[in-house]
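Have a look at the structure below, then the notes.
The values are calculated or read from the model by the stated rules, or taken from the named source; none is laboratory data. Keep in mind the model is a prediction, meaning the values are calculated, not measured. All Cβ positions, even for glycine, are placed from backbone atoms using ideal geometry, and neighbour counts span all protein chains on display. For accessibility, only protein heavy atoms count, side chains too; no ligands or nucleic acids. Shrake-Rupley method; radii C 1.70, N 1.55, O 1.52, S 1.80 Å.
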Amino acid sequence: MGQFLKVARADELASGSARLIEVEGRRIALFNLNGTFYAIDDTCPHRGGPLSEGLIQGDVVVCPWHGARFRIETGEVLSPPAPHGVACYPVRVQGGEIEIEI
């Protein structure tokens, strides 16, 4: 089991948006879906596209480089060209601070 690290304030990330955070050398995409926060690896396994810059469609993010689709809640790949999904990190909000378990 890892440790939870503060990465942002909950009021800094609007619903329906994402941002890149860097934690312990990892690039992680942080999403706010209707007030619930999710974190997945930011780098698409196909060619390295930044998922934090992708189009959000409901609970799916589309890689901005080649269109691979990933479920935000789990990191599961939903369509090629990505060969597999990305890591998903537990997220919690404590006192208005978003924390990710690394």
Q.
Full-extension gain between residue 34 and residue 59, please, as 0.36 nm times their residue separation minus the C-alpha to C-alpha distance.
A. 8.0 nm
(Q) If I measure Cβ to Cβ between cysteines in the chain, which ones have no partner under 4.7 Å? (A) 88
Q | From phi via Karplus (6.51, -1.76, 1.60), per-residue ³J(HN,Hα) for segment 45-55 in Hz, x at Gly/Pro | A | x, 6, 9, x, x, x, 5, 5, 9, x, 6
Q: Please say if the chain is rounded, prolate or oblate, where rounded means a/c under 1.5 for a ≥ b ≥ c the square roots of the C-alpha gyration tensor eigenvalues, and otherwise the choice is prolate for a/b larger than b/c and oblate otherwise?
A: prolate
Q | Anisotropy class of segment 1-50 from Cα gyration tensor, a/c 1.5 cut | A | oblate
Q) Taking only protein heavy atoms and a 1.4 Å probe, what accessible area per residue, in Å², does the chain have with all protein chains in place? A) 51
Q: First compute the accessible area of the chain with a 1.4 Å probe, then give the percent of it belonging to carbon and sulfur atoms.
A: 46
Q: Just need the relative contact order of the chain here, percent rounded to a whole number, with Cα pairs under 8 Å and 6+ apart.
A: 28
Q. Given a Förster distance of 41 angstrom, what is the FRET efficiency for residue 22 paired with residue 78, based on the Cβ-Cβ distance and rounded to 0.05?
A. 0.95
